[in-house]
């Protein structure tokens with residue numbers, strides 16, 4: 001059973017709601033409306049070079065996550081969209097989910113401000129989808145002191161494609177980001 005920690009709660013919600021979140025873009029772990037500061041739809045593209053195969057190999061992983069349709073019950077943020085992007089190298093294969101890790105990254109918002117997030121990542125395979133969750137505090141910038149929760153749902157990798165030729169070169173996903 002998952003712990004009662006925020007990450008454990010988010011992962012439990014992701015496992016239960018994995019199919020519905022991709023279709024409805026509803027928050028994985030919705031906060032009470034009075035505490036919800038911002039909700040956005042998320043879309044991601046991840047590329048792998050040289051490409052994911054069945055064998056673990058060093059990959060350059062490049063990601064681009066965009067946020068759109070942002071709404072705020074408080075109506076004071078002025079944020080309607082945002083993004084985060086970057087790249088890193090890691091040993092990856094089609095047969096293993098990415099390891100949990102803590103990372104610090106900026107999120108750029110349309111209103112000209114940014115947020116620096118320190119988040120813990122976790123990935124789970126649930127019902128034919130891989131659910132990637134990042135949860136952690138906004139350390140500085142807009143929304144400082146809030147909790148950032150991002151959930152991206154991707155189709156599970158096609159093992160036949162992993163076994164043939166150059167492997168899996170990219171994945172796309174959809175989800176939601178919330179700040180509370």
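The table below gives the values:
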quantity	calculated
So residue 13, is it at pLDDT below 95, within 18 Å of residue 155 (Cα to Cα), in contact with a helix residue (DSSP H, G or I) (Cβ under 9 Å, 6 or more places away or on another chain) and part of a loop (DSSP other than H, G, I, E, B)	no
Residue match in the range 116-137 (condition: surrounded by fewer than 17 Cβ atoms within 10 Å (Cβ to Cβ) and within 20 Å of residue 50 (Cα to Cα))	no
Selection count, the range 47-79, where residues are surrounded by fewer than 16 Cβ atoms within 10 Å (Cβ to Cβ), in contact with a strand residue (DSSP E or B) (Cβ under 9 Å, 6 or more places away or on another chain) and not in a strand (DSSP E or B)	4
Unmet criterion (only one of (1) modelled with pLDDT of 95 or more; (2) surrounded by 14 or more Cβ atoms within 10 Å (Cβ to Cβ)) for residue 111	(1)
Residue in the range 141-153 that is free of Cβ contacts under 8 Å to residues at least 60 places away in the same chain, more than 14 Å from residue 38 (Cβ to Cβ) and touching a strand residue (DSSP E or B) at 6+ places or on another chain (Cβ under 8 Å) present	no
Test: residue in the range 156-163 that is over 20 Å from residue 60 (Cα atoms) and either buried (at least 18 other Cβ atoms within 10 Å of the Cβ) or under 18 Å from the mean Cα position of the chain (by Cα) (or both)	no
Qualifying positions in the range 82-106 - loosely packed, with under 14 Cβ neighbours inside 10 Å and farther than 20 Å from residue 168 by Cβ	100, 101, 102, 103, 104
Test set (1) modelled with pLDDT under 95; (2) over 13 Å from the mean Cα position of the chain (by Cα) - residue 139 fails condition number	(1)
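The values are calculated or read from the model by the stated rules, or taken from the named source; none is laboratory data. The model shown is predicted, which means the values in this text are computed figures rather than measured ones. Quick reminder, even Gly has a Cβ in these numbers, built from the backbone with ideal geometry, and neighbours come from all protein chains shown.
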